[in-house]
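Some notes on the structure that comes next.
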Amino acid sequence: MALLVYNKQQYFHRSLKTKMILESQLKTKLLKLYKKYSSNVYQAYVLYGLPNFPLSFTQDLREILLSHYRKVGTYFSKFNRQFKKKEKKVISELDRKIQQRLESYYYELVTKRVTYITTTAQDNLSAYVRKLSQLTTEDGFQLSRFDIAKFLKDTLNSRSAGKADMISITETTQVAEKAKEIEVEEMVGDADEFELDELLGDDVPDDVRDEILSMGGAAALAAGLISITKVWNTVIDESTRPEHADADGQEVEISEPFEVGGESLMYPGDDSGSPENTINCRCMVSYDF
């Protein structure tokens, strides 16, 4: 295959290894953010007796996620071309198109994510304060402002690792898989006549072949005249969702969704799915031309 050639086992393991490295980098940054957040909450409660949510959290989170998205997207938007050689200027132009699409995606995604994470953090903080304000000491006295502040800080710190881990896995998977999807779509759009001709195989009638070659890859793909399939690959271990284990090996057209856990997902981590079906997902997609 001219457009895409890879060893699937190597593809699978390299993707997993790279995702784990990127997840670890994001988790480190998130742990620092949550530590800063808990300290700010503690200081505000000691001073004012109010569970003030630090405004800096939202901006810091946005910057951290955008930086991470770009790092993940830069790597995985070239993932399918690692065994394909092209002229430098062609790759440069193709990358420009891919990155332009990804940038729009990053900003759309980061707005959703920051809103969701921030709102959840605010709700949790308010719930912690309500619960703590109802508690009393062993002597029957209400907890002091200092005691509540300390409980808040300790509670937030104790839960930060789990949250950072969840966010790191979820965000890395979603952006990596979206970047790969965009790359494949743009690869076909960038394909020359020779590559398109080889992609079509021997079963396409001459008149249809001529029409596709004259249209170009992108238009032909959009019109459904070129078949590219994608395969859902599941990491199988004790943490795997049964529904995702069942989806392992499922193959569909690139423009069609996978059916996973009763939901239609374009790729692992697709945020059109429910949190129960996408959070902490470690699955990945491979593409067959």
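Just checking, does segment 14-36 include any residue being in a loop (DSSP other than H, G, I, E, B) and assigned by TED's automatic domain parsing to the domain that holds residue 173? Break it down into steps so the answer makes sense when it comes.
Taking segment 14-36 and keeping what is in a loop (DSSP other than H, G, I, E, B), we get none.
For segment 14-36, residues in a loop (DSSP other than H, G, I, E, B) and assigned by TED's automatic domain parsing to the domain that holds residue 173: absent.
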Segment 271-289, subset surrounded by fewer than 14 Cβ atoms within 10 Å (Cβ to Cβ) and part of a loop (DSSP other than H, G, I, E, B), residue nearest to the chain's Cα centre (by Cα): 272
Residue check, residue 92 modelled with pLDDT of 90 or more and on the phi < 0 side of the Ramachandran plot: no
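Sort out which residues of segment 264-289 are among the aliphatic types (A, V, I, L, M) and under 17 Å from residue 112 (Cβ atoms), and write them in order of number. Step through it out loud before you land on a result.
In the first step, residues of segment 264-289 are kept if they are among the aliphatic types (A, V, I, L, M); the result is 265-266, 279, 284-285.
265, 266, 279 - these are the residues of segment 264-289 that are among the aliphatic types (A, V, I, L, M) and under 17 Å from residue 112 (Cβ atoms).
Tell me which residues, restricted to segment 198-246, are modelled with pLDDT under 70 and surrounded by fewer than 11 Cβ atoms within 10 Å (Cβ to Cβ).
Of the residues in segment 198-246, the ones modelled with pLDDT under 70 are 198-204, 216-218, 221-225.
Listed by number, the residues that qualify are 201, 202, 203, 224.
Within segment 108-135, which residues are closer than 18 Å to residue 61 by Cβ and touching a residue at least 40 places away in the same chain (Cβ under 8 Å)? Spell out how you get there, then give the answer.
Step one: list which residues in segment 108-135 are closer than 18 Å to residue 61 by Cβ, which gives 108-125.
Hits for segment 108-135 are 109, 110, 112, 113, 114, 117, 118, 121, 122, 125.
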All positions within segment 251-270 that are under 21 Å from residue 16 (Cα atoms) and surrounded by 16 or more Cβ atoms within 10 Å (Cβ to Cβ): 258, 260, 265, 266, 267, 268, 269, 270
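The values are calculated or read from the model by the stated rules, or taken from the named source; none is laboratory data. Model, not experiment: these values are computed from the prediction. Note that each Cβ is placed from the backbone with ideal geometry, even for glycine, and that neighbours are counted across all protein chains shown.
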